[in-house]
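Below is one structure, written out as structure tokens, with a few remarks after it.
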Amino acid sequence: TFSALSDSICTNAQIDVVSDITFTAVITISGKTNVKISSSTGAVLTSDRSFSNNNGGMFYIDSSSNVTFTGLGFTSGSASYQGGCLYVTGSSTVKTENVDFTSCYASSGYGNRRGGAMYVSSSTVTVSSTSFTSCSATLGNDMYLSGGSLTCTAGCNEAGMYMPSGNCTSPVAA
């Protein structure tokens, strides 16, 4: 189950995703460092949207965790409030390299839904060669940054990001 998977992710874990996975629940990574989740086959992580989560539709990352995602696709991630695929908080660090976010959203009911693909609060994110396609939210279709920092080396679209606070280091492609 996904809760067992959350419990089994440990510091220095290297997880190689060899085929597509359909999420039926959120995976929480809390207080774990040097976690690498990658795919050399371009595996796609898809939410079946049969479950509801307010924050982080696929991964909830907190408590000074350090996670790198490489060579993956995220599709159909959804959260009721923030971070359709990823919710990053608690002084955590996340890197995405050669990652594609497609049709991810944060929206349900009323109010400001934030970060269609990713919501970042008081944490550090580095985005490299990452694409955001058809992601949506009330604020930040691709990403919402609330405190912390964002570094984009390639693959950022400033128009899809909302940064009421925090710090963005370019180059950011418009």
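Sort out which residues of the range 65-97 are in contact with a Lys or Arg (Cβ under 9 Å, 6 or more places away or on another chain) and hydroxyl-bearing (Ser, Thr, Tyr), and write them in order of number. Residues satisfying the conditions are SER65, THR68, THR70, SER76, SER78, SER80, TYR81. Before we move on, is ASN54 polar (S, T, N, Q), open to solvent by 10 Å² or more (accessible area, probe 1.4 Å) and over 18 Å from CYS135 (Cβ atoms)? Against the criterion (polar (S, T, N, Q), open to solvent by 10 Å² or more (accessible area, probe 1.4 Å) and over 18 Å from CYS135 (Cβ atoms)), ASN54 does not qualify. Against the list (1) touching a Cys at 6+ places or on another chain (Cβ under 9 Å); (2) under 27 Å from GLY147 (Cβ atoms); (3) open to solvent by 10 Å² or more (accessible area, probe 1.4 Å), the condition VAL26 fails is (1).
Taking the conditions exactly as written (under 21 Å from SER3 (Cα atoms) and open to solvent by less than 20 Å² (accessible area, probe 1.4 Å)), does PHE69 satisfy them or not? Considered against the rule, which asks whether it is under 21 Å from SER3 (Cα atoms) and open to solvent by less than 20 Å² (accessible area, probe 1.4 Å), PHE69 comes out as yes. If I filter the range 100-115 for residues that are under 20 Å from SER165 (Cα atoms) and touching an Asp or Glu at 6+ places or on another chain (Cβ under 9 Å), do I get at least one hit? Yes, the range 100-115 contains a residue that is under 20 Å from SER165 (Cα atoms) and touching an Asp or Glu at 6+ places or on another chain (Cβ under 9 Å).
Based on this model, can you work out whether ASP48 counts as among the charged types (D, E, K, R), on the phi < 0 side of the Ramachandran plot and open to solvent by less than 40 Å² (accessible area, probe 1.4 Å)? Considered against the rule, which asks whether it is among the charged types (D, E, K, R), on the phi < 0 side of the Ramachandran plot and open to solvent by less than 40 Å² (accessible area, probe 1.4 Å), ASP48 comes out as no. Among the residues of the range 31-42, the ones that are surrounded by fewer than 18 Cβ atoms within 10 Å (Cβ to Cβ) and part of a loop (DSSP other than H, G, I, E, B) come to 6 in all. Picking from LEU72, LEU5, which residue would you name as being under 19 Å from PHE101 (Cβ atoms) and touching a residue at least 12 places away in the same chain (Cβ under 8 Å)? Unique residue meeting the criteria: LEU72. Condition check for THR22 on (1) part of a loop (DSSP other than H, G, I, E, B); (2) out of contact with any Gly (no Cβ under 9 Å at 6 or more places or on another chain): one failure, at (1).
Given MET143, MET161, MET118, which one is open to solvent by less than 30 Å² (accessible area, probe 1.4 Å) and modelled with pLDDT of 95 or more? Criteria check complete, one pass: MET118.
The values are calculated or read from the model by the stated rules, or taken from the named source; none is laboratory data. Quick caveat: nothing in here was measured; it's all calculated off a predicted structure. Methodologically, a virtual Cβ is constructed for each residue, glycine included, from the backbone with ideal geometry; neighbour enumeration extends over all protein chains shown. Remember, those area values only see protein heavy atoms, side chains included, never the ligands or the DNA or RNA. Shrake-Rupley method; radii C 1.70, N 1.55, O 1.52, S 1.80 Å.
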